[in-house]
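One structure is given here, and the rest of the page talks about it.
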Amino acid sequence: MVQVWIANHKDMRPVREFEVTEQVISEVLNEVKDKHYEITFLLWAYTGMRFNEALARAWDDINIPSSTIQVTSSKTDVGKKAMVGTKFENGSNQIVTAPKTKAGIRSVHLHQAITELLERIPQDARTGYLYGTRKGTAVNGSTFRGRVFKPLMLKLGYPGIWPNDFRHYCITDLTNFAIKAQIDLKCVSDMVGYANVSTTLNIYNEARSDQNQRLGMLLANRNHLSVA
């Protein structure tokens, strides 16, 4: 198991254990394939978007020719009682907000799987949210977790996995790839909405068990190991 500190801007939540590997991601994406919420899981797994950032994405954010998506907003689910007396009292409990930080406003390159999915959508259907309600509003995050995400994880046998674990998986993958390819880690930080490279390194530069297994296979099958 990989132990991870779940960080936010105020404090550090207690450590907990989880295991999200390439195999887990593959199983989840296969299970949601052709479902109307498939795009949300693809955005988590391949762009590292935060939970509510992905739910807030709309067709206006998409540029298919350049395979990019703009992250300029997030959303917050607010209880009806908390909205009494505010300008939102008679509206939806979905409040569009700015991303968590200034760095959260960004342009993200899309994985081929996301672009291919979007290209299959008919032109006349390319309006509103990428995954929205029948009324055209953003999907409530709590509702999505309760009706879609948790039942899916239980069905697949991964009850301890949270939506943010997909973000963690993606950023870990991007960070390790960038280090190996000698790509500036600032590119990864910019893509996932972190202002500082140190945040990316401190939280996400770790080895997953599937990576350790690959290394073990390489070492076990090596013909010769030279030491300079």
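Compared with the alpha-carbon gap, the fully stretched path from residue 112 to residue 145 is longer by 9.3 nm at 0.36 nm per residue. Listed cross-link partners 75/180; 155/180; 35/180; 75/150; 102/180; 75/186 are compared with a 32 Å cut-off, the Cα-Cα value being larger for 75/180; 155/180; 35/180.
Since every read-out is calculated from the coordinates, none of them should be taken as a lab result. Model, not experiment: these values are computed from the prediction.
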